[in-house]
Amino acid sequence: MEKYKENDTYMLRQLSHLLHVGIFAVTDNEIISYEENAEYNPLYKNETLRRRLIERVQEQSLPVILAEEQEIYFICIKKETLYYMMGPVCTQNMNRVARHRFYYAYGIKEDWEKGLHYHTTMEMLQMTGLFARLLTGQEYTDQELVDANRLVQVTKEEELHEQVKFKIREEEEDIYRHTYQEERALLNMVREGNVEEAVRLSKEMDIEIGRLGKDELTHWKNLLVVASALCARAAIEGGLSPHVAYRVSGFYINKGSGSKDITQILAYRNRAVEELASRVRKQRERRHSSSYIEQCKDYVQKHFKEKIYLDKAAEALGVSSSYLSRLFRKETGMRFQDYINDVKIERAKNLLLYSEESLAAIAEYINFPSQSYFGKIFRERTGMTPRQFRENYKPIEFTEKKDVRE
């Protein structure tokens, strides 16, 4: 096994560090870890899990992706006599209760529980492909990995058959759909900031929309997604910041996804259309504000978790830092750094109200140099300390229960 250590150790350690996942090489009587402090990792501590992966990898030639509960994945690739394993790869944001349940299921002691790095499902597939390419030299597409591991219930071939059946059913039922011109009229109203007409047209189209789901609830949820996404793009074309437009549409889509009340879902759709069009209207009313300032604010909104420098912001906008500084002060009445701090404090308020993160963690998240500096700026802008703000305003339904045991 020494030759594998020599050949693979550096690359696998670097990969483990960069991807924030554990990587291990396993034989019948030995396990080598390429990450530090592997005591938290089920792959290292749970022999049953390793055996399941080894059994699976012996059944197929492609890399194994084992999907567990809570959207967590473990990956296994065989290279000669060794079984290389990667994980856990977490594709959802886990709260403390879910995290405890996860570790408890694999027999990990509470002292070793730690937060798991979030990856998207696409990133998980790309990580698997990279892992395989590094170890075996073989390349696999995302679709090949999905199909081999049965990660979706409906295959591409089955989907094609369903499309044909759907087309036939539509033709038989003669489903009436709104015209493209009617859809464009709605989007134009959003783009122009005409709130009343945008809402009116969206309601008129409800009775003409084709079926977007197998049942009534699914249909209206999907309509909310489509309407919010299209109107967000129209709002961007109307001058609204992409950051704001996507945040508004994302908020209402997420609210609707958790609702089982069709009336409420329709209300979310109407509010999404109304708010997007309204924000475009307000944006147009503020035309005296230069596009540079709006772009600058958008830059801060996107990079608030980083150390933001005036020079870098100006470079991103294609202007000099001195010009941007003067223009920002003239049109907003405040210094560039003060605006940055305001944005950071607003994010901090949300975390104080709707999370259980410590003050130190929040200060680090919004990139303040220290907790004390965070407290100083927070007090200057709110008149109270972060702790006082949390104690005074935290909604009771977001107060975390101390006992997470079941």
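Here are the numbers:
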| read-out | value |
| --- | --- |
| Residue in segment 366-380 that is under 20 Å from K307 (Cα atoms), aromatic (F, W, Y) and touching a residue at least 60 places away in the same chain (Cβ under 8 Å) present | no |
| Residue count, segment 1-33 (criterion: at pLDDT 85 or above and hydroxyl-bearing (S, T, Y)) | 4 |
| Exclusive hit being modelled with pLDDT of 90 or more and either of a type in the set (D, E, K, R) or surrounded by 17 or more Cβ atoms within 10 Å (Cβ to Cβ) (or both), set R390, R335, R347 | R335 |
| Y268 vs. criteria over 30 Å from H219 (Cα atoms), crowded, with 17+ Cβ neighbours inside 10 Å and more than 18 Å from the chain's Cα centre (by Cα) | no |
| Filtered residue count, segment 351-383, keeping only those that are assigned to a loop (DSSP other than H, G, I, E, B) and open to solvent by 30 Å² or more (accessible area, probe 1.4 Å) | 7 |
| Segment 220-246: number of residues that are open to solvent by 10 Å² or more (accessible area, probe 1.4 Å) and in a helix (DSSP H, G or I) | 16 |
| Exclusive hit being in a helix (DSSP H, G or I) and modelled with pLDDT under 65, set I168, I175 | I168 |
| Filter result for F328 (in contact with a helix residue (DSSP H, G or I) (Cβ under 7 Å, 6 or more places away or on another chain), aromatic (F, W, Y) and modelled with pLDDT of 90 or more) | no |
| Test: residue in segment 38-52 that is modelled with pLDDT of 90 or more and of a type in the set (G, A, S) | no |
| Qualifying helices (runs of 4 or more DSSP H) (wholly inside segment 1-106; at least 1 residues being open to solvent by 10 Å² or more (accessible area, probe 1.4 Å) and touching a residue at least 40 places away in the same chain (Cβ under 8 Å)) | 2-19, 42-45, 96-105 |
| Test: residue in segment 126-136 that is assigned to a helix (DSSP H, G or I) and among the hydroxyl-bearing types (S, T, Y) | yes |
| Cβ pairs under 8 Å, 6+ apart, first in segment 247-264 and closer than 24 Å to R233 by Cβ and open to solvent by 70 Å² or more (accessible area, probe 1.4 Å), second part of a helix (DSSP H, G or I) and among the aromatic types (F, W, Y) | K255/Y268 |
| Condition check for A314: within 24 Å of the chain's Cα centre (by Cα) and either modelled with pLDDT under 90 or hydrophobic (A, V, I, L, M, F, W, C) (or both) | no |
| Residue among K255, K305, K297 that alone is assigned to a loop (DSSP other than H, G, I, E, B), among the charged types (D, E, K, R) and at pLDDT 85 or above | K305 |
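The values are calculated or read from the model by the stated rules, or taken from the named source; none is laboratory data. Just so we're clear, the structure is a prediction, and the values are computed from it rather than from any experiment. Glycine also receives a Cβ, built like all others from the backbone with ideal geometry; neighbour counts cover every protein chain displayed. Each accessible area value is taken on the protein alone, full model and side chains, heavy atoms only, with ligands, DNA and RNA left out. Shrake-Rupley method; radii C 1.70, N 1.55, O 1.52, S 1.80 Å.
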